[in-house]
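*Asks:* One structure, as structure tokens, below. Some questions next.
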Amino acid sequence: MAVSPVDKHIRNFPNDTIYAPKAPKIVRKLLNWEYWPMFFLYFPVFIFDTICGIILRNPFYFKAVNPGLENGGMYGQSKWDLYQKINKNIQPDTTIVPSGHKLSEEEIQLLIQRFGFPMIIKPDRGERGNGIHILHDEEQLRKVPVVQYDNIIQEFLDYPLEVGIFYIRNPRLENGVISSLMFRHFTHHTFDGKQTIGQYIRRHPRLSLVEKKLKRVWKKRWREVPAKGETLQLVKTGNHNKGAIFIDGRKWITAELEETINRVAKDIPGFYYGRFDVRAKSWEHLCRGEFVLIELNGAHSEPAHIYNPKYPFYRGWCDLIKHHYFMARIAGYHLNRGYDTGRFTPNLLALQFEYKYRKLIS
């Protein structure tokens with residue numbers, strides 16, 4: 001079967017693309033802004049959002065951008081509740097583990113029969129990959145801790161293509177547009193029979209910047225020397241702060257893909273602005289609508305193409321502010337038609353709870 005140009009582009013993307021690859025780690029972190037604290041990227045965006053709140057006379061205007069999503073998808077959105085609104089044919093098999101619940105032996109065996117290994121466990125209300133773990137065997141499943149928040153368990157779909165698609169629809173128009181397209185590249189390496197997994201990661205110009213996180217993933221095999229010629233996928237999850245490379249794919253946006261995403265988006269009640277994170281077997285499968293929706297993010301979404309290696313910092317700022325401008329326009333439309341974001345004090349308390357919750361799952 002012929003490989004499409006898109007699939008080839010993603011597969012061959014250099015996994016060491018980074019400024020000053022031979023410089024000390026601290027210098028590499030300083031020169032590559034995708035590894036900076038989010039404060040530096042979002043400070044001007046926060047100022048812009050504050051101005052929008054003043055203009056719209058509502059500091060919580062973002063809740064109105066997606067009336068069908070909890071808090072507009074800015075925070076506190078339950079993945080489980082969201083899955084109930086999405087076509088079952090495009091979502092992974094999923095179950096929920098309630099807060100404070102310890103899995104019984106019977107439940108463990110049922111989960112193994114249902115999902116097999118590996119399987120994914122993650123917080124029902126989470127972001128940026130916090131709390132996500134891949135369970136590879138029964139021992140890891142048994143050791144899942146009892147936590148004070150709901151978790152969801154999903155089948156692990158190891159499809160080669162993982163894509164972030166940002167969608168915006170003007171409520172006055174029939175169809176929306178794809179404003180951002182991002183491909184995820186997962187670093188693979190063929191070992192020479194001499195290096196350990198830990199040594200390779202520690203010496204890699206990109207992976208060494210997230211060494212602590214990868215060490216938790218490869219804890220059992222950190223000092224293992226893979227056989228000569230053995231190829232391993234060293235990055236398992238699609239978060240750039242855990243080693244995945246985000247590739248700007250906007251030039252590949254087509255009318256066929258927009259038609260497909262419009263069809264999916266308009267089936268979700270009250271959804272106008274956000275990012276679809278999907279997995280597919282190939283680019284052709286994706287364009288035909290044959291994909292699995294891993295995540296749907298609302299007002300909190302980012303146009304993830306900005307994390308493409310060597311993407312200019314000022315352009316990242318501009319793209320974020322442009323998207324937040326569209327968010328304010330859509331929210332203003334719904335506010336003018338009577339959407340109620342709720343009273344100030346309960347909203348403020350909800351934000352305070354969200355801050356504590358994010359610390360809990362991190």
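*Asks:* I need a count of the residues in the range 1-39 that are over 21 Å from residue 164 (Cα atoms) and loosely packed, with under 12 Cβ neighbours inside 10 Å.
*Replies:* Looking only at that region, the number is 7.
*Asks:* Another one. Note down all Cβ pairs under 8 Å where the first residue falls in the range 284-304 and is hydroxyl-bearing (Ser, Thr, Tyr), the second is open to solvent by 10 Å² or more (accessible area, probe 1.4 Å) and at pLDDT 90 or above, and they're at least six residues apart or on different chains.
*Replies:* From the range 284-304, the pairs are 301/275.
*Asks:* Failed condition for residue 89, given (1) assigned to a helix (DSSP H, G or I); (2) more than 24 Å from the chain's Cα centre (by Cα); (3) modelled with pLDDT under 90, with all others met?
*Replies:* It is condition (2) that residue 89 fails.
To keep it simple, each residue is scored yes or no on (1) assigned to a loop (DSSP other than H, G, I, E, B); (2) open to solvent by 30 Å² or more (accessible area, probe 1.4 Å); (3) of a type in the set (Gly, Ala, Ser); (4) free of Cβ contacts under 8 Å to residues at least 12 places away in the same chain.
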site: 82; (1), (2), (3), (4): no, no, no, no
site: 102; (1), (2), (3), (4): yes, yes, no, no
site: 107; (1), (2), (3), (4): no, yes, no, yes
site: 120; (1), (2), (3), (4): no, no, no, no
site: 125; (1), (2), (3), (4): yes, yes, no, no
site: 141; (1), (2), (3), (4): no, no, no, no
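*Asks:* Looking only at the range 332-351, decide whether some residue is in contact (Cβ under 8 Å) with a residue 12 or more places away in the chain and touching a strand residue (DSSP E or B) at 6+ places or on another chain (Cβ under 9 Å).
*Replies:* no
*Asks:* For the range 127-139, give me the residue count where each residue is under 28 Å from residue 355 (Cα atoms), at pLDDT 85 or above and open to solvent by 20 Å² or more (accessible area, probe 1.4 Å).
*Replies:* Result for the range 127-139: 0.
*Asks:* Moving to a separate point now. For the range 143-161, what are the residues that are more than 22 Å from residue 184 (Cβ to Cβ) and surrounded by fewer than 17 Cβ atoms within 10 Å (Cβ to Cβ)?
*Replies:* 143, 145, 146, 147, 148, 149 - these are the residues of the range 143-161 that are more than 22 Å from residue 184 (Cβ to Cβ) and surrounded by fewer than 17 Cβ atoms within 10 Å (Cβ to Cβ).
The values are calculated or read from the model by the stated rules, or taken from the named source; none is laboratory data. Worth saying up front: this structure is predicted, and the values here are computed from it rather than measured. Positions of Cβ are generated from backbone atoms using ideal geometry, with glycine treated the same way; all protein chains shown enter the neighbour counts. The protein model used for the area step is the full one, side chains on, heavy atoms only, and it has no ligands, DNA or RNA in it. Shrake-Rupley method; radii C 1.70, N 1.55, O 1.52, S 1.80 Å.
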